[in-house]
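*Asks:* Please see the structure below; I have some questions.
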Amino acid sequence: MAKPTKISPFHLPSILRLEKNPLLALDLFRNPNPSPSTSNTPRFRYSARSYDLIITKLGKARMFPEMEEVLSQLLLDTRVSPREPLFCHVISFYGRARMADRAHRTFDQIPSFRCPRTIKSFNSLLDAFLQCRNLEAIRSLIRDADAGEFNPDACTCNILIRAFPDSAWFLFDEMRKRGIPPTVTTFGTLIAILCDKSKVHDAFRVKEMMLNSFNMKPNAHVYTTLIKALCNKNELDLALKLKEEMLSDKELGLDSAVYSTLIRAMFRAGRKGEVVDILEEMKKNGVKPDTVAYNAMIAGFCTDEKDFDAAFEVLNEMEKNGRKPDVVSYNTIIAGFCKEGRWREAYDLFDDMPRRECRRDVVSYRTLFEGLCNAREFKEAVLVFDEMLFKGYVPRVESLKKFLEGINGEGDKVSVESALRRLVEANALELSVWEKAVGDVLKDSQQVKIAELVDSLSLD
């Protein structure tokens, strides 16, 4: 029997990189050579790259206790001097997980890892605070930077502009006063802010400023933002003109997102006939429709055209082209059926989703439940309601109110009490929700009875 090949510190990073399962990667990192050790066995020498790989894998998988364990090991491993990008990644992982305190603690600990801090990790922390919407922490951090530890750069300013959109132009002027040259991202952020405020023509002026005053070409993100804003304002011809401008620049790749936006806008504008031309253009330019593009067509047929047969044809086309319909695809059709009062067809598709290998989500349940309540099909709604709560989902307050009004109006007091009991047991009925859902539905004597029930169950 051949002896297993011994893993060296040099080879460990390559093996860790190939291992997709973070748990298996961690086991491998902890014990690269699982042979019995003796007092003479030298301690395994981990490289900085091995630490980078395992910490990044664990952070992406949100296995934070395990990641912290490896970081503690790295702290004590004085033979290794980690580089700042590793800590930038860790701070970002915590930011995406909305764990601002841990992100800040990581930033504070960087020097103890034998690694100097620069504006890069400072910016990572700023961005983490922004993801956590902790604006006061951002203000505090900027005051520290102004005290002299770090010199803000363009990335710092771009994060601040995103954090404080109402002060965007003041911050932009401050950049220029400090001699910090704006980047394409700076202009992209300013344009996105203006588009969010429906100031599309001002956004175009910023685009012209990029070109004429700063000799900077807009990137695909800038064009996509402007096209989406124009479509939202129903200025489809201008959006199409901008799309042609993108096509004329070979460096700008037109992706499925732009085409999806245009397809949806064409349906809304009653220009369904032009969708075929867009699909042909996509094919000609080598852009394959993705799930988002197909969903835009499904939404158009369901919402604007009320053509459900065509929507199902798109579903079939998706599968034929190797694009699996997702929960948005089905929810869109279910919502369309419910809006048209065709609750039986909505229910059939809802029931068929597991067979189609698509898991129903909270939107699926809420949409069908609301459709059944609107159609006053309360017996069917009770079944969906029970399954919702079993799955851990809760109806919207207005739907719940309509549901309680309906079953109470039919004289089914037992079902009303049962529904409220289920909501309390599922810890899904807050006092404010209870008052809004029940206040106008039950008589005073019934409300007192249900309130006593809520109190008794809450105390259990």
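*Asks:* Output the number of the condition that residue 133 fails; it satisfies all remaining conditions of (1) without any contact (Cβ under 8 Å) to a residue 12 or more places away in the chain; (2) under 27 Å from residue 69 (Cβ atoms); (3) not in a helix (DSSP H, G or I).
*Replies:* Going through the list (1) without any contact (Cβ under 8 Å) to a residue 12 or more places away in the chain; (2) under 27 Å from residue 69 (Cβ atoms); (3) not in a helix (DSSP H, G or I), residue 133 breaks only (2).
*Asks:* Exactly one condition in (1) without any contact (Cβ under 8 Å) to a residue 24 or more places away in the chain; (2) over 27 Å from the mean Cα position of the chain (by Cα) is not met by residue 423; state its number.
*Replies:* (1)
*Asks:* Right, here's the next one. Report yes if some residue within the stretch 191-209 is farther than 28 Å from residue 262 by Cα and either surrounded by 17 or more Cβ atoms within 10 Å (Cβ to Cβ) or in contact (Cβ under 8 Å) with a residue 12 or more places away in the chain (or both); otherwise report no.
*Replies:* Within the stretch 191-209, not a single residue is farther than 28 Å from residue 262 by Cα and either surrounded by 17 or more Cβ atoms within 10 Å (Cβ to Cβ) or in contact (Cβ under 8 Å) with a residue 12 or more places away in the chain (or both).
*Asks:* In the stretch 65-88, what count of residues is obtained for those that are in a helix (DSSP H, G or I), surrounded by 17 or more Cβ atoms within 10 Å (Cβ to Cβ) and not charged (D, E, K, R)?
*Replies:* Total satisfying the criteria: 7.
*Asks:* So residue 142 ticks every box in (1) free of Cβ contacts under 8 Å to residues at least 24 places away in the same chain; (2) not in a helix (DSSP H, G or I) but one. Which box is left unticked?
*Replies:* Among (1) free of Cβ contacts under 8 Å to residues at least 24 places away in the same chain; (2) not in a helix (DSSP H, G or I), the lone unmet condition for residue 142 is (2).
*Asks:* Quick test of your reading of the structure: residue 293 fulfils all but one of (1) surrounded by 19 or more Cβ atoms within 10 Å (Cβ to Cβ); (2) under 20 Å from residue 346 (Cα atoms); (3) not assigned by TED's automatic domain parsing to the domain that holds residue 345. Name the failing condition by number.
*Replies:* (2)
*Asks:* Further question on the same structure: For residues in the stretch 145-171 being in a loop (DSSP other than H, G, I, E, B) and on the phi < 0 side of the Ramachandran plot, which is modelled with the lowest pLDDT?
*Replies:* Looking at the filtered set, the residue picked out is 147.
*Asks:* Quick check on residue 265: is it surrounded by 21 or more Cβ atoms within 10 Å (Cβ to Cβ), among the small types (Gly, Ala, Ser) and in a helix (DSSP H, G or I)?
*Replies:* yes
*Asks:* Still on this structure, please answer the following. Give the stretch 93-132 a look and list any residue that's basic (Lys, Arg), surrounded by fewer than 17 Cβ atoms within 10 Å (Cβ to Cβ) and closer than 17 Å to residue 72 by Cα, or say none.
*Replies:* 105, 114
*Asks:* Further question on the same structure: Quick check on the stretch 363-400: of everything there that is under 24 Å from the mean Cα position of the chain (by Cα) and among the basic types (Lys, Arg), which residue is farthest from residue 421 (Cα to Cα)?
*Replies:* Per the stated criteria, the residue is 366.
*Asks:* Sort out for me the helices (runs of 4 or more DSSP H) sitting completely within the stretch 314-424 that have 2 or more residues that are farther than 25 Å from residue 295 by Cβ.
*Replies:* Per the criteria, 378-391, 397-409.
*Asks:* Output the residues belonging to the stretch 328-343 that are surrounded by 15 or more Cβ atoms within 10 Å (Cβ to Cβ) and in contact with a Lys or Arg (Cβ under 8 Å, 6 or more places away or on another chain).
*Replies:* Selection gives 330, 336.
The values are calculated or read from the model by the stated rules, or taken from the named source; none is laboratory data. Remember, it's a predicted structure, so these values are computed and weren't measured experimentally. Cβ coordinates were reconstructed from backbone atoms using ideal geometry, including for glycine residues, and neighbour counts include every protein chain displayed.
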